[in-house]
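The values are calculated or read from the model by the stated rules, or taken from the named source; none is laboratory data. Note that the structure is predicted; figures quoted are calculated from it, not measured. Note that we place each Cβ from the backbone using ideal geometry, even for glycine, and neighbour counts take in every protein chain shown. Remember, those area values only see protein heavy atoms, side chains included, never the ligands or the DNA or RNA. Shrake-Rupley method; radii C 1.70, N 1.55, O 1.52, S 1.80 Å.
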Amino acid sequence: VATDVEDLLARMAGIASDATKKDPSGSEAIDAALRAARAKNVTGRLRAAAEAIALNRTAAALIEQKAGADAVRKMLQALRERDTRELAELRKRLQQAEDQVAILIDQQRTLRTATHEATLLSVGADDGGFGVLEREQHVVGRNTRSVSDELMDADGMTYAARTLRLASVPMGQAEERLHSRDPVAATSKQDGALELLEDTLAWLEELARQA
């Protein structure tokens, strides 16, 4: 058993070393578990227990076995604490992403309503109404790309980031249609953008439920 534990500790040390750059928090957690194991002298305790058993020193063997088991529990506790922290951080990131995307949906939906109203009211090119809508659409598209860039840098958020980037495409097209004073075509593009935004939010909400 002591040899198996030594092999496990060696593998954990290798994993921690490999993860230093890709997963600093994970590497740190494994290091903490290794330090806990070494501080309690896990393998030493287990070897001492084996030697005591060989010499029929039952009481001593039980003491060493208990100490070894306690040390292993400490090591596993350190790993569990790491998992708990990572889960809390993931949930926080997901909530922040949901809030950001919900704001984008609200902005795009409001703009879509205003564009549709412009169609019904036949806003003229000389009153500046389309210019205002065009500028607002530009801002929403810019905000969407910004959130996409943020999520692309976050672990596990690639799908959301790419879908938001896709949503920015019809937003840009809607902006062009508004510049051309074509609110009907602009509304169609805005509908496409909204569909992608809502798909992103639904994906984030499902991920949050599974976390």
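Under 10 °C and 1.306 mPa s, how fast does the range 97-211 diffuse according to Stokes-Einstein, given a Kirkwood radius computed over C-alpha pairs? Answer in µm²/s, whole number. Don't skip to the answer; put the middle values down first.
Working: Rh = 14.2 Å.
After rounding, the answer is 111 µm²/s.
Residue separation times 0.36 nm, minus the C-alpha to C-alpha distance between Gln210 and Asp149: what's the value?
Working: separation 61, 0.36 × 61 = 21.96 nm, distance 2.39 nm.
19.6 nm is the gain from fully extending Gln210 to Asp149.
Over the heavy atoms of Ser180, what accessible area does a 1.4 Å probe trace out, to the nearest 10 Å²?
In the full protein context, Ser180 sits at about 80 Å².
If each of Val169 and Ile103 carries a label point 7 Å out from its Cα toward its Cβ, how far apart are those two points in nm?
Taking the simple label geometry, Val169 and Ile103 are separated by 2.6 nm.
Which value does Rg/Rh take for the range 155-211 over its C-alpha atoms, Rh per Kirkwood? Please report the intermediate quantities before stating the final value.
Working: Rg = 13.8 Å, Rh = 12.1 Å.
So for the range 155-211, dividing Rg by the Kirkwood Rh gives 1.14.
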